[in-house]
2 protein chains.
Amino acid sequence: MNDTIDWLRGPAASPSAAAGREATDRQLQLTKPPGALGELEALAIRLAALQGTPKPAVERVHVTVFAADHGVATEQVSAFPQAVTVEMLRNFAHGGSAINVLARELGAILEVINLGTVNDPGPLEGVLDCRLGPGTENFTRAAAMSPEQRARATRTGRDAAERAFLAGVQLFIGGEMGIGNTTAAAALGCALLGLPPEHLAGPGAGLAPAGVAHKVEVIRRALLLHRPHLADPHEALRRLGGFEIAALTGSYLGCAQLGLPVLVDGFITSVAALAAARLCPGAAQWFIFAHRSAEPGHRLVLAAMGSQPLLDLGLRLGEGSGAAAAVPLLRLACALHRDMATFAEAGVSGKER
Amino acid sequence: MNDTIDWLRGPAASPSAAAGREATDRQLQLTKPPGALGELEALAIRLAALQGTPKPAVERVHVTVFAADHGVATEQVSAFPQAVTVEMLRNFAHGGSAINVLARELGAILEVINLGTVNDPGPLEGVLDCRLGPGTENFTRAAAMSPEQRARATRTGRDAAERAFLAGVQLFIGGEMGIGNTTAAAALGCALLGLPPEHLAGPGAGLAPAGVAHKVEVIRRALLLHRPHLADPHEALRRLGGFEIAALTGSYLGCAQLGLPVLVDGFITSVAALAAARLCPGAAQWFIFAHRSAEPGHRLVLAAMGSQPLLDLGLRLGEGSGAAAAVPLLRLACALHRDMATFAEAGVSGKER
């Protein structure tokens, strides 16, 4: 345990202000009105600072999907049966899910980690078995995780970040799959932001309004039960999170410590990013937010992170799919930054009024 | 001329409702909560209807950039000198512009057409010389184009659409370059929408507020001069447009008539799309709007077209660059639609509440 606590306390790496300045200077020399490429300019500059090079690149992308089950699913908080978590692990193994398709199209590395499903799926090709139990406890009755489970989950995430970093990738994407996990994310988000559950609980994978009202009450009970312990983000994560949410938090922390830029996906992953930012000052500098999810609570989490995401396409699938959809924008931003001619190279006149 | 008038009167092709329905059915069977891929689902379904196939694709993309100069530039309505139009043609020829970089990254065909610059750039590799004059007339004093120039400009655009169609591309992008062309587009937009110039005139490539106020007055004078003729969209286009705006309009009309989907770029191209929609009922079905430009008037033009664009990244470069930036979203939408497993194929359970 001491080892784990030690790494969680490690500081975030520092982006390179010099590389950021050099990239800013270059943007002003490219053959376009200054600022005319809007967020694509800002992205190139930010990636330059994060990667510590004036000409950043996002060719090598690593995606880890963390999957787990949730005890709170027995409270009937999801539109889908809990069996879907394991069924989707099989779908990942067979290459049929959205994130499989997107990773193939992007040429990204995809790994899937089972942190703890209710049912044992048996060996699945391409799925790492890191099960910490048959899902978390029902957090309306007890803490979701034991201290050991929480520590192992975050460490599993950190290990994924480290594998990606050592393989030399330029961008990390975390994804998640787990029936009931918008309930856990909403509960954790409420604890971290001090908001009542009706602000963060939403339809998830497709609950009707009555189901959302029930989900709000379930989260309210959990917040009451755990209230004395929620000021500490470690405890909030352990009591209200999920194995995959703790693993995501660990992976984002690891990326921030190692200096690997993260493209954050949707609602659940943004709550994990928020937890990472609470655990480690400076971690959030490493997080680029890919999209605004259709899950209504996402905008509050994004606002708390001070982030303006790249896409707003009504996505709400998870698996890292929204982040994957934004990868081409990062690549095009880098290509424009690298390959456009400067005013001097092209002999083009500058602004006159 | 009769030939030209005849083709302008041709009807738009009809999208395939059957292919759209088949694509909608497929989306409901894919292993994700129904609707969870948001606009990416809607895009795949719309492309299916437009391409007349239940499994659409956007691998082969054609970009034509139309360039021309504007007589109204002598009224000092741009932040950049008029020489930049020809200088940017050279930059296109040498591969250094934003659209060159984007087309290379996307593997898209790029052609550039000079419709009429003030200066003769001489022969430029990769730039078609279709000059109709040394720029348009200053439309604060006379009609921008003669009837013949307007007819030849729209026909040049239609020819570009036809080349793309005959080459078997799956998507057409029109781009533009021309110092002063946000002034022409704003004037034409005002005529087509019945709006005063302060609603559509903006900073363009980077005018300061005083410059924008001057631009508003220049457009107001032009609207007063041509007012008796502006109810007819052909006349509005001829009197207030530019060679490249008329060519864009012709290219979009051609695509609609031939049944080739168009990805519309920013402010100027959206005004050309609006003109095409006014000239040909049904043309707008073929137009997908790529992004909301930073040019403030763009949102009014988009609203008039009833369109919600895909991206909102503060882009305001033109050249077709914003449309090019959105191409990967169309490609990923098609890949997800084509390659994801269905619930039945993957043995995944559906919704239960």
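The values are calculated or read from the model by the stated rules, or taken from the named source; none is laboratory data. Keep in mind the model is a prediction, meaning the values are calculated, not measured. No Cβ is skipped: glycine too gets one built from the backbone with ideal geometry, and neighbour counts run over all protein chains shown. SASA here: full protein model, heavy atoms, side chains in, ligands and nucleic acids out. Shrake-Rupley method; radii C 1.70, N 1.55, O 1.52, S 1.80 Å.
All C-alpha pair distances within the protein assembly as shown, sorted into 20 Å bins from zero, spread as 19, 46, 28, 7, 0 percent across the bins. Please work out, to two decimal places, the log10 of the ratio I(q)/I(0) at q = 0.11, 0.12, 0.17, 0.21 Å⁻¹ from a Debye calculation in which every Cα of region A:166-265 carries one identical scatterer. The calculated log intensity ratios at q = 0.11, 0.12, 0.17, 0.21 Å⁻¹ are -0.38, -0.45, -0.80, -1.06. Share of pairwise Cα-Cα distances greater than 22 Å in region A:61-330 is 48 percent (whole percent). Count Lys and Arg as plus one, Asp and Glu as minus one, and take only other residues whose Cβ is under 10 Å from that of B:R331; the net charge is then -2. Ligands, DNA and RNA aside, B:W7 has an accessible area near 20 Å² when probed at 1.4 Å.
The charge dipole of region B:4-59, taken about the Cα centre with unit charges on the Cβ atoms of Lys, Arg (+1) and Asp, Glu (-1), comes to about 80 debye, rounded to the nearest 20. What region A:61-330 shows is 30 Å² of accessible area per residue, with the surface traced by a 1.4 Å probe over protein heavy atoms. Electrostatic tally near A:F165: other residues with Cβ closer than 12 Å to its Cβ, Lys and Arg +1, Asp and Glu -1, net +1. Solvent-accessible surface (1.4 Å probe) assigned to A:T249 amounts to roughly 0 Å². Copy-to-copy label distances for A:T74, where each label lies 7 Å from Cα along Cα-to-Cβ, are 8.4 nm in order of increasing length. Backbone amide hydrogens, once placed in the peptide plane, bring B:G175 within less than 5 Å of B:T64, B:V65, B:F66, excluding anything fewer than 5 places away on its chain.
Surface calculation, 1.4 Å probe, protein heavy atoms: A:K55 sits at approximately 100 Å² accessible.
Starting from the label point of B:A231 at 7 Å along Cα→Cβ, the same points in the other copies fall at 7.5 nm, in ascending order. In region B:206-335, the C-alpha radius of gyration followed by the widest Cα-Cα span (Dmax) gives 15.4, 51 angstrom. Each residue of region A:101-177 gets 116 Å³ once the volume of the Cα convex hull is shared out per residue. Look at where the Cα atoms of region A:266-310 and of region B:169-184 average out, and the two centres are 36 Å apart. When B and A come together, around 4800 square angstrom of accessible surface is lost from both chains combined, probe 1.4 Å. Computed about its Cα centre, the charge dipole of the protein assembly as shown is approximately 900 debye, with only Lys, Arg, Asp and Glu carrying charge at their Cβ. Per the Debye calculation on region B:266-337 with a single equal scatterer at every Cα and no solvent contribution, log₁₀ I(q)/I(0) for q = 0.20, 0.23 Å⁻¹ amounts to -0.82, -1.03. Scaled against 2.2 N^0.38 Å for its residue count N, the alpha carbon radius of gyration of region B:1-143 is 1.48.
Ranking A:A144, A:T156, A:A222 by Cα position along the charge dipole of region A:61-330, where only Lys, Arg, Asp and Glu carry charges on their C-beta atoms, puts A:A222 farthest toward the positive end. A Gaussian network model of chain B, with springs between Cα atoms under 10 Å, assigns the largest mean-square fluctuation among B:E41, B:E105, B:E75 to B:E105. Largest mean-square fluctuation among A:P309, A:P197, A:P123, in a Gaussian network model of chain A whose springs join Cα atoms under 10 Å apart, belongs to A:P123. Computed about the Cα centre, the dipole magnitude for chain A is approximately 620 debye when only Lys and Arg (+1) and Asp and Glu (-1) carry charge, each at its Cβ.
Residues whose amide H lies under 5 Å from that of A:F289, counting only those 5 or more places away or on a different chain, are A:V264; hydrogens are built 1.01 Å from N in the peptide plane. Set Lys and Arg Cβ to +1 and Asp and Glu Cβ to -1, take the dipole of chain B about its Cα centre, and tell me which of B:L192, B:G314, B:Q257 lies farthest positive. Of B:L192, B:G314, B:Q257, it is B:L192. Taking amide H positions as modeled 1.01 Å from N, with prolines and chain starts lacking one, the residues under 5 Å from B:L110 and 5 or more places away or on another chain are B:V63.
What are the semi-axes of the equivalent ellipsoid for region B:62-150, taken as the square roots of 5 times the Cα gyration tensor eigenvalues, largest first, in whole Å?
Computed over region B:62-150, the values are 25, 14, 11 Å.
Relative to the dominant Cα principal axis of chain B, helix B:83-94 is inclined by about 40°.
Could you put A:S14, A:S293 in order of accessible surface area, largest first, with the 1.4 Å probe and the full protein assembly present?
From most accessible down to least: A:S14, A:S293.
Calculated from the alpha-carbon coordinates, region A:190-235 shows an Rg and a Dmax of 11.5, 33 Å respectively. Residue order by solvent-accessible surface for A:F165, A:F243, B:F343 is A:F165, B:F343, A:F243, largest first, with ligands and nucleic acids left out and a 1.4 Å probe.
The relative contact order of region A:61-330 comes to 24 percent, based on Cα pairs under 8 Å that sit 6 or more residues apart. When chain B is treated as a GNM, springs tying every alpha-carbon pair under 10 Å, which of B:D120, B:D339, B:D129 comes out with the largest mean-square fluctuation? Per the Cα network of chain B with a 10 Å cutoff, B:D339 tops the list. Here the chain A residue lying nearest the rotation axis onto B, judged by its C-beta and given with the distance in whole angstrom, is A:P328, 2.
Roughly what angle does helix B:321-339 make with the longest principal axis of chain B, taking Cα atoms, 0 to 90 degrees, to the nearest 10? Once rounded, the angle reads 10 degrees.
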